[in-house]
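*Asks:* I have a structure I would like to understand better, so I am pasting it below and will then ask my questions one at a time.
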Amino acid sequence: MGGTLLHTLIWNNSLEQWLLALAWAGGAWLAGKLLYWVSSSVLRKLAARTETRLDDILIVALRGPVVVLVTVIGFYLAYHQLDIPERLDRWADRIFKVASVLTFTWLVARMLDALVEEYLLPRAKREQTTVIKSQLVPVVRSATKVLVWGMGLILALNNAGYNVGALLAGIGIGGLAMAMAAKDTVANIFGGITVFADKPFQTGDRVRVAGYDGVVQEVGIRSTRIRTLDGPIVVVPNFKFTDSVLENVTNEPARRIRHELGLVYQTSPEKMEEALALLHKLVDDHQDVLEQDRVVSFHAFKDYSLSILFAYHIRKSADIMHTQSMVHLELLRRFHAAGLEFAYPTAVELQGDYKP
């Protein structure tokens, strides 16, 4: 009697087949629940005893996808206990394959996100600026998810029987048009990544780039804000930092100031020697703010003057603008006291062509 009951057909399958399928499905569901409990209780406690945080993050991140994957496999095995019509069987097989691929994609995406959280976030927290944490890390996490899920969807569509090659060709044409329209945005994003990776400057540094000279206020993933010396804030696209020469004024070892001082032709050789000596002494008297290196040379006979090349270096620790003003004023006082006269093109004025 029992054997006859087990062989009773229900929708072309015996009761025994239905019970086996139900057992596989129920067992998979229970296995998923048990696995979730084990990962939440036992494995998390074991991981908490280790020094690294990676195992803790992986357990939390992967328990959901792993439970779903185990459940899907169990339901797939349960389904194969039954005799299903061929047409319905093809669709069911595709559904299970797509579900498996998407679940595995979810697992990979969670694992990569856990790696980013473990290795990239701590580095961002150690940075002096929060820009990497607030902008670069979200971009990296989003880009990783888009890439993984994109590949997963392509595999899922391929398993579902769609012509992925033709689909990608159509997407490629549209993607090419979008890439042409968004090329500047992409260039700015890659420029921002280059700034974060190479660190040619940081917030608070004074830089010169693309004709602008100022202090960096904020570094973004697409653009950088610089407060110019004149006061206004300019927004510089980040691709400028990859195709332009960048000068980090803050990181220079010393600021070099170069002048050509012109004295009148009536200056005697003795006075010229005195002028050179005064410039040397000027640098020597201010070694607290000036470097020892200097250039003092009577280097040219110009049209209207005897030219002296004077170059000196302001120490990195000194106030550049204040030191420069101090040196120039001191130079002017010493030359005036010595009776040294600066030249100007008086010959032009005497010819009557000078117009104020």
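*Asks:* Any residue at all in the stretch 63-74 that's surrounded by 15 or more Cβ atoms within 10 Å (Cβ to Cβ), within 24 Å of residue 33 (Cβ to Cβ) and at pLDDT below 75? Break it down into steps so the answer makes sense when it comes.
*Replies:* First, the residues of the stretch 63-74 that are surrounded by 15 or more Cβ atoms within 10 Å (Cβ to Cβ): 63-74.
If we keep only those that are within 24 Å of residue 33 (Cβ to Cβ) as well, we get 63-74.
With at pLDDT below 75 added as a condition, the list becomes 63.
The answer is yes; a qualifying residue exists.
*Asks:* Among what's in the stretch 237-259 and is of a type outside the set (Lys, Arg) and modelled with pLDDT of 85 or more, pick the residue that is nearest to residue 275 (Cα to Cα). Even if it seems obvious, please write down each step before you answer.
*Replies:* Within the stretch 237-259, the subset of a type outside the set (Lys, Arg) is 237-239, 241-254, 257, 259.
If we keep only those that are modelled with pLDDT of 85 or more as well, we get 257, 259.
Values: 257: 18, 259: 14 Å.
Only one residue tops the list, namely 259.
*Asks:* Can you pull out the residues in the stretch 215-265 that are of a type in the set (Lys, Arg) and without any contact (Cβ under 8 Å) to a residue 40 or more places away in the chain? Full working, then the answer.
*Replies:* We begin by selecting, within the stretch 215-265, every residue of a type in the set (Lys, Arg); these are 222, 225, 227, 240, 255-256, 258.
Across the stretch 215-265, the qualifying residues are 222, 225, 227.
*Asks:* Answer yes if at least one residue in the stretch 306-322 is touching a strand residue (DSSP E or B) at 6+ places or on another chain (Cβ under 6 Å), surrounded by 13 or more Cβ atoms within 10 Å (Cβ to Cβ) and more than 30 Å from residue 206 (Cβ to Cβ), and no otherwise.
*Replies:* Checking the stretch 306-322: at least one residue is touching a strand residue (DSSP E or B) at 6+ places or on another chain (Cβ under 6 Å), surrounded by 13 or more Cβ atoms within 10 Å (Cβ to Cβ) and more than 30 Å from residue 206 (Cβ to Cβ).
*Asks:* In this structure, does residue 206 turn out to be surrounded by fewer than 18 Cβ atoms within 10 Å (Cβ to Cβ), over 17 Å from the mean Cα position of the chain (by Cα) and under 23 Å from residue 323 (Cβ atoms)? Outline the logic, then answer.
*Replies:* Numbers: surrounded by fewer than 18 Cβ atoms within 10 Å (Cβ to Cβ): no; over 17 Å from the mean Cα position of the chain (by Cα): yes; under 23 Å from residue 323 (Cβ atoms): yes.
So residue 206 fails the test.
*Asks:* Okay, next question. Which of the strands (runs of 3 or more DSSP E) contained wholly in the stretch 221-332 include at least 3 residues that are outside the structural domain of residue 209 (by TED's automatic domain parsing)?
*Replies:* Working: elements: 223-228, 233-237, 254-263, 290-301, 306-315.
Once the strands (runs of 3 or more DSSP E) in the stretch 221-332 are filtered for at least 3 residues that are outside the structural domain of residue 209 (by TED's automatic domain parsing), what remains is 254-263, 290-301, 306-315.
*Asks:* Please enumerate the residues belonging to the stretch 233-243 that are in contact with a strand residue (DSSP E or B) (Cβ under 8 Å, 6 or more places away or on another chain) and loosely packed, with under 14 Cβ neighbours inside 10 Å.
*Replies:* Kept after step one, since they are in contact with a strand residue (DSSP E or B) (Cβ under 8 Å, 6 or more places away or on another chain), are these residues of the stretch 233-243: 233-238, 240-241.
233, 235, listed by residue number.
The values are calculated or read from the model by the stated rules, or taken from the named source; none is laboratory data. Just so you know, these numbers come straight off a predicted model, no measurement behind them. Here Cβ is always computed from backbone atoms with ideal geometry, including for glycine, and neighbour counts include all displayed protein chains.
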